[in-house]
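J.: Here it is, the structure, as structure tokens.
The values are calculated or read from the model by the stated rules, or taken from the named source; none is laboratory data. Predicted model only: the values in this text are computed from it and were never measured. Backbone-built Cβ (ideal geometry, glycine too); neighbour counts: all protein chains shown.
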């Protein structure tokens, strides 16, 4: 299982944002939603072995986690407005049924009170990695092939020094996906591709140059 | 210069789509717009050496190209609604000023009458590649480092057999980005990352493990 933890430094934890002006009214939740698509969706399907945690409302006192669980997720559409509509419904739910934990609001989509520290406390023995344009090259780190990994990715601002420090104290290594600093969603796409390659292995790759049919999506 | 040609098999060439229901009313222009973001935008900037051609209205008789030129593009925002708003304005323009060629409607954003064949006729001696989940592995093809390359990418449906055949007749090789068939925008992100790595070269890579500052976006 691979986990992506996307930390919104400005992202609202409230459902009170406007679909027709998502970036300005949500504190850039659009960035986080694009990460959800990149992590979870492939051509005609969902990555069943992926979990995405969005950390919302960081620093506001009113923090919440929205978790997407690939193996259970249904009706996840790729466009930003559909994802924002889904998020709005999830954030409008209350967690009174289970104030200390997660509540499943939609199939495979869960809500919890809590922030970054909640995610840390609830890691399932996964090895954490910090995504950082100055980190070690992901292609050269064998350990990311391990079955349990958690990738911590910043938003349009990056990751705060506090989050970096906390993760480093947990032993998290810093990973880079390449020489150019990319949008968070592209970082996620490149990580997913690297793991796809590791999991397929050389023997499982399709024969090269087979002059056959498409299916790019 | 790297060119991405994104071919919409169902995408409208008209400005008559709804921003609040983009996928259904535009023939999945949302897919193409996400490719524009992935090709053009990086953390706090634009890839100046990239051109993106969107082929719209394929098969409808009323075909148009919208071209984004990285070195001239301004005010390109990453969220889908902003990109769709920009596209709407561009498609509402007329090309009477230059019926046979391109008209710059916004800084770095051009409109032309024409479809796939127009793009082929206007390639600037670039080597064409077909993105195909059954193609050769992009990591093993040295030629994509050449300064002039054009990557032809399908939409949510893929590329038509006619387009594949035409490109193959031009000598285009088929490239795959990995063992899993990805969304078009993720294919673009992975290609961009591969080229970033080639261009940086081993000597230009930042030192590994430098314990420095963020900037993931």
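J.: Can you find a residue in region A:95-102 that is in a loop (DSSP other than H, G, I, E, B), free of Cβ contacts under 8 Å to residues at least 40 places away in the same chain and either crowded, with 23+ Cβ neighbours inside 10 Å or within 12 Å of chain B (Cβ to nearest Cβ) (or both)?
T.: Quick first cut of region A:95-102, residues in a loop (DSSP other than H, G, I, E, B) only: A:95-101.
Within this subset, residues satisfying the condition of being free of Cβ contacts under 8 Å to residues at least 40 places away in the same chain are A:95-101.
Checking the rest, the ones that are also either crowded, with 23+ Cβ neighbours inside 10 Å or within 12 Å of chain B (Cβ to nearest Cβ) (or both) come to none.
Within region A:95-102 (the criterion being in a loop (DSSP other than H, G, I, E, B), free of Cβ contacts under 8 Å to residues at least 40 places away in the same chain and either crowded, with 23+ Cβ neighbours inside 10 Å or within 12 Å of chain B (Cβ to nearest Cβ) (or both)), the answer is no, since none of the residues qualifies.
J.: Just a yes or no: is a residue in region A:45-65 assigned to a helix (DSSP H, G or I), crowded, with 22+ Cβ neighbours inside 10 Å and either away from every other protein chain (no Cβ under 14 Å) or under 15 Å from the mean Cα position of the chain (by Cα) (or both)?
T.: Here is the first cut: in region A:45-65, the residues assigned to a helix (DSSP H, G or I) are none.
Looking for residues that are assigned to a helix (DSSP H, G or I), crowded, with 22+ Cβ neighbours inside 10 Å and either away from every other protein chain (no Cβ under 14 Å) or under 15 Å from the mean Cα position of the chain (by Cα) (or both), one finds none in region A:45-65, hence no.
J.: Please determine whether any residue of region A:189-208 is within 8 Å of chain B (Cβ to nearest Cβ), modelled with pLDDT of 95 or more and more than 28 Å from residue A:73 (Cβ to Cβ).
T.: No: region A:189-208 contains no residue that is within 8 Å of chain B (Cβ to nearest Cβ), modelled with pLDDT of 95 or more and more than 28 Å from residue A:73 (Cβ to Cβ).
J.: Determine whether residue A:159 is at the interface with chain B (Cβ under 10 Å from one of its Cβ atoms), at pLDDT 95 or above and assigned to a loop (DSSP other than H, G, I, E, B).
T.: On the way: at the interface with chain B (Cβ under 10 Å from one of its Cβ atoms): yes; at pLDDT 95 or above: yes; assigned to a loop (DSSP other than H, G, I, E, B): yes.
Yes.
J.: So for region B:28-44 (the condition being part of a loop (DSSP other than H, G, I, E, B) and free of Cβ contacts under 8 Å to residues at least 60 places away in the same chain), does at least one residue qualify? Steps first, answer last, please.
T.: First, pick out the residues of region B:28-44 that are part of a loop (DSSP other than H, G, I, E, B): B:28, B:43-44.
Cutting the leftovers down to free of Cβ contacts under 8 Å to residues at least 60 places away in the same chain gives us none.
Checking region B:28-44: not a single residue is part of a loop (DSSP other than H, G, I, E, B) and free of Cβ contacts under 8 Å to residues at least 60 places away in the same chain.
J.: Residue A:115 passes all but one of (1) touching a helix residue (DSSP H, G or I) at 6+ places or on another chain (Cβ under 7 Å); (2) modelled with pLDDT under 95; (3) crowded, with 18+ Cβ neighbours inside 10 Å; which number fails?
T.: (1)
J.: I would also like to ask the following. Considering only region A:175-188, state which residues are more than 7 Å from every other protein chain (Cβ to nearest Cβ) and over 16 Å from residue B:45 (Cβ atoms).
T.: Step one: filter region A:175-188 for residues more than 7 Å from every other protein chain (Cβ to nearest Cβ), giving A:175-176, A:185, A:188.
Passing the criteria: A:175, A:176, A:188.
J.: Going by the structure shown, is residue A:93 closer than 30 Å to residue B:23 by Cα and modelled with pLDDT under 95? Before the answer, list the steps.
T.: Details: closer than 30 Å to residue B:23 by Cα: yes; modelled with pLDDT under 95: yes.
In short, yes.
J.: Is there a residue in region A:146-154 that is at the interface with chain B (Cβ under 10 Å from one of its Cβ atoms) and out of contact with any strand residue (DSSP E or B) (no Cβ under 7 Å at 6 or more places or on another chain)?
T.: Checking region A:146-154: not a single residue is at the interface with chain B (Cβ under 10 Å from one of its Cβ atoms) and out of contact with any strand residue (DSSP E or B) (no Cβ under 7 Å at 6 or more places or on another chain).
J.: From the set of residues in region B:14-44 that are at pLDDT 95 or above and at positive phi, which is nearest to the chain's Cα centre (by Cα)?
T.: B:28
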